[in-house]
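**Student:** Mind looking over this structure? Questions follow.
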Amino acid sequence: MPPFRPRAALMLTAFVAASLLAGLRAAPAQSAKDAKRPAPAATPVDRLKVQKGFRVELLYTVPRDSQGSWVSLAVDPKGRLITSDQDGKLFRVTPPPAGTTTDIKVESIPAEIGMAQGLLWAFDSLYVVVNGNGRHENGLYRVRDTDGDDMLDKVEFLQALKGGGEHGPHGIVLAPDGKSLYVVAGNATTLPPLHDSLVPRVWGEDTLLPRMPDGRGFMRDEKAPGGYVCRVDPDGKQWELVSMGYRNPYDLAFQREGDLFTYDSDMEWDINMPWYRPTRVCDVVSGADFGYRGGSGKFPTSAFDTLRPVVNVGPGSPTGVTFGYGAKFPAKYQEALFLCDWSYGKLYAVHLKPQGASYSGELEEFITGTPLPLTDIVVNPKDGALYFAIGGRKTTSGLYRVTYDGPEPTAPAPHAVDAGTRSRASRRELEKFHARKDPKAVETAWPFLSSPDRFLRYAARVAIEHQDPSSWRERALAETHTQAALEALLALVRVSTPDPAHVKDSDPPPDTALRHRILAALDRLKWDTLDDQQRRDLLRVYTVLLNRMGRPDEATASRLLAQFDALYPAKGKELNVDLCNLLVYLGAPDVAEKSLELLAKAPTQEEQIDYARTLRVLKTGWTPALRKAYFSWFRNAAGFRGGASLEGFLKNIKSDAAATLSESEKAELKPLLDAPVQSPTAIVAPRPKVKDWTLDELVPVVESGLKQNRDFDRGRSLFGAASCAACHRFNNEGGATGPDLTGVAGRFSPRDLLESIVNPSKVISDQYGAITVATSDGKVVTGRIVNLHGDIMQINTNMLDPNAQVSIDRKTIEETKPSSVSMMPEGLLNTLHKDEVLDLIAYLLAGGKRESAIKP
């Protein structure tokens, strides 16, 4: 989601909830005639939860009327902090000595510039990325002290960055070699004139069927590149595209080895849709496209023309990031990547672990608070402290300092060589061929197309795409190694024909002869010899090929239809969704019947929506009974839960499908077509009660039963049937109102997992807790805040029904306190038999993967 924007419809905004707890606890009701209350102070440190051994000091509460709300930080050469009001000026802060909080100096900077969402001191200048309200043009500025009075006074405009609001230009960092700058921008920011691009300039939408725009029409015409990272010289003249395909990352940080990381936002309105992607940390490698597209067009993470994230964080509002280098912290935290989450008031520490030519990450809550709307974070090398700011959107702002006073040593951590050092070095050698033609590039890169490491294959393919296709076309068509052939043929399709959504008048028409040759090369890849990921890769190449080069002749189309129709349905949801897309495009006569059978059995709303979305454009193979079954499904879909765009997406799916009907079909189906998408029915059929399971009964059953082979397919179905998927995300499916369970195997034993289900109120996460509100007219309401408008707040009282909402006038509130009862219902396992409980727990502890070992 965008920085500094509370979630408006589905998710509890921790900042909003906590603001109420902080400002309204035991507060008497006030009338409109009551005197205006003074602005609240920044959150006191006794309300923060801090990792053991660390100390947090509140140094300064920002006076809102005169200094605004601070959203960005930088450190100057003297160890002073420079900060910016989101809607106003720049300020310079001299921190107090260690151990004191009173001797702080805050000065207004005279330079006529501000509204910065990115600040950096480099090249004896302050670089300012303006993203404001029009007082200054959005873009990159350089500010200097020209008269030697130790005050910045001259502003130089370097480059306009067209895009504003919360999806405009954001952070800026210095390159590790100290020679250039890197700037990150959100997906409403157009690219500046580029001197060069490490990303091959052949990007596209690459969807086989028409993309659905956002269900509420937000940025409905949005196309690639989306959010991006650029490298720029110190004078702001030469801009080079480094990476793209993000939604709205706010900041950047370099790891000591040279990899660049960012924390990208989610599209919270997509929650519970098949294409929802949580906030996530990305390794910003050269030439990468991370696949963000508008509406339903986002690339699946498994697609091999994009890259996986380092770690998925979950719903939130990403803001500032930094590594702990220079902090007088234990080595573990010096090496950590710190992430600011504005909406939930969480400062995370990500501990990177080498994984091939990139990294994976382990997420840890470092500091949390209520409220704690974090905006930016820096390490001050002069005192070895970590500083962070809270504020944004005119909220109360504060400046904090974090130090370590525990027993562990804080000497600078040595740089360690790890198992992935060689792989990352190989990746960087391949990246040297990005954005330049080199006669050695193809020979050097080609062997890496068959690497088991996805990041190495990606770097090699990008290197090859930058070379003249005539130097490697025949080699791609003749390649016999399966993985290398998939990579090479994908590259050949991409460089040979632009995506239809990006075609220019000067572009030649698709080369039908080349399309025929590529199809012949794909025919050599036999389905039975491929693993599941390679099968998905193969289907992805067909998708990009047919999208860019068009439908083949009827004989070839018929052959492809017969080939893939015989494989459908396959084993596994992901393959079935991909096959369904291809067969709908080809007009398979029985794809409607097969897909409706899969839809009826699908345990999650994401999978159901995937099939319904794909079938909406199918014009062949329908019978009256199939048509009726399809449009009857929307009555069930009316009870789905999700983000603010869910209802709009469902209406658009139905509308698109209705447009494929004949007039007689419309007349026959009129009652179903006219039925509104609003009845509160369940995603899955209700199940009868089996028994009231207790923890003592289930623990020995699970500890002995997990040693046997379990039914993972039934476990996945039960994840939906037991209502787990209504609130919890798992393997990229399910809701987001409860914690993500994907990594539960690494955090919970079978007993702990059972206890959290059977006794949900024993431990309640701050992030997912409810509040109890007592009003002056005697009402007592318990639930989670889902919206605020003026003095009215909306409280959801049932996690399983997002429409169960109560309106409370804040002026009538007498007391607000955390609820001691979890909003997760008790008894969710009481509709399951013993073997079903075992299959569900086994599925969760195996991460949903059949090959995972279960250890009780």
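The values are calculated or read from the model by the stated rules, or taken from the named source; none is laboratory data. This structure is a prediction, so every number in the text was calculated from the model and none was measured. Positions of Cβ are backbone-derived with ideal geometry, glycine not excepted, and every protein chain shown enters the neighbour counts. We work out accessible area using only protein heavy atoms, side chains counted, and drop any ligands, DNA or RNA first. Shrake-Rupley method; radii C 1.70, N 1.55, O 1.52, S 1.80 Å.
**Student:** Between residue 534 and residue 619, with labels modelled 7 Å along Cα→Cβ, what's the label distance in nm to one decimal, could you check?
**Tutor:** Calculated label separation equals 3.8 nm.
**Student:** Assuming R0 = 41 Å, what is the FRET efficiency of residue 238 and residue 353, from their Cβ-Cβ distance, to the nearest 0.05?
**Tutor:** Numbers: r = 36 Å, r/R0 = 0.87.
Computed FRET efficiency for residue 238 and residue 353: 0.70.
**Student:** I've got another one for you. To the nearest 0.05, what FRET efficiency results for residue 102 and residue 331 with a Förster distance of 30 Å applied to their C-beta separation?
**Tutor:** Numbers: r = 32 Å, r/R0 = 1.08.
Efficiency computed from Cβ-Cβ geometry: 0.40.
**Student:** For the chain, what is the calculated [θ] at 222 nm in deg cm²/dmol (nearest 500), taking -39500 (n - 2.57) for each run of four or more DSSP H residues and dividing by its residue count? Numbers along the way, then the final one.
**Tutor:** Numbers: 22 runs with 226 residues, N = 856.
Theoretical 222 nm ellipticity from helices: -8000 deg cm²/dmol.
**Student:** If you count only protein heavy atoms with a 1.4 Å probe, what accessible area per residue comes out for the chain, rounded to a whole Å²? Before the final figure, lay out the partial values.
**Tutor:** Values: 33870 Å² over 856 residues.
In whole numbers, the chain has 40 Å² accessible per residue.
**Student:** Probe 1.4 Å, all protein chains in place: accessible area of residue 585 in Å², nearest 10?
**Tutor:** So the heavy atoms of residue 585 present about 50 Å² to solvent.
**Student:** Put a dot 7 Å past each Cα toward the Cβ at residue 256 and residue 145; how far apart are the dots in nm?
**Tutor:** Going by the 7 Å Cα→Cβ label model, 3.1 nm.
**Student:** Could you work out what % of the accessible surface of the chain is carbon and sulfur, using a 1.4 angstrom probe and leaving DNA, RNA and ligands out of the count? Mind showing how you got there, number by number?
**Tutor:** Details: 17410 of 33870 Å².
Ligands and nucleic acids excluded, carbon and sulfur reach 51 percent.
**Student:** Relative to the present Cα-Cα distance, how much length would full extension add between residue 774 and residue 64 at 0.36 nm per residue of separation?
**Tutor:** On the way: separation 710, 0.36 × 710 = 255.60 nm, distance 2.98 nm.
Gain on stretching residue 774 to residue 64: 252.6 nm.
**Student:** Please state the relative contact order of segment 568-647 as a whole percent: Cα pairs under 8 Å, 6+ residues apart?
**Tutor:** Details: 57 pairs, mean separation 24.0, N = 80.
Computed over segment 568-647, the figure is 30 percent.
**Student:** Scan around residue 153 for amide H atoms under 5 Å from its own, H built in the peptide plane at 1.01 Å from N, and keep only partners 5 or more places away or cross-chain.
**Tutor:** Correct list: 144, 145, 146.
**Student:** Say each of residue 809 and residue 655 gets a label point 7 Å from the Cα, pointing the same way as Cα to Cβ; how far apart are those two points in nm?
**Tutor:** 3.7 nm
**Student:** What's the FRET efficiency of residue 506 with residue 133 using the Cβ-Cβ distance as r and R₀ = 51 Å, to the nearest 0.05? Display every interim value, and only then the final one.
**Tutor:** Details: r = 39 Å, r/R0 = 0.76.
Here the calculated transfer efficiency is 0.85.
**Student:** Continuing with the same structure: Between beta-carbons, use under 12 Å as the cut-off and find the net charge around residue 259, counting Lys and Arg +1, Asp and Glu -1.
**Tutor:** On the way: positive: 256, 424, 427, 428; negative: 257, 283, 431.
Here the charged neighbours net out to +1.
**Student:** How many Å³ per residue does the convex hull of the Cα positions in the chain occupy? If you can, show how the numbers build up before the last one.
**Tutor:** Numbers: hull volume 158.1 nm³, N = 856.
Output value, Cα hull per residue: 185 Å³.
**Student:** Just to confirm my numbers, what's the Cα centroid distance between segment 409-458 and segment 484-499 in Å?
**Tutor:** Going from one Cα centre to the other spans 22 Å.
**Student:** Right, another one. Excluding residue 714 itself, what net charge comes from residues whose Cβ is under 10 Å from its Cβ, given Lys and Arg +1 and Asp and Glu -1? Intermediate values should be presented prior to the final figure.
**Tutor:** Working: positive: 710, 716; negative: 711, 713, 835, 836, 839.
Computed value for this residue: -3.
**Student:** Given 775, 330, 579, which one lies farthest toward the positive end of the charge dipole of the chain, if we put +1 on the Cβ of every Lys and Arg and -1 on the Cβ of every Asp and Glu?
**Tutor:** Of the candidates, 775 comes out farthest on the positive side.
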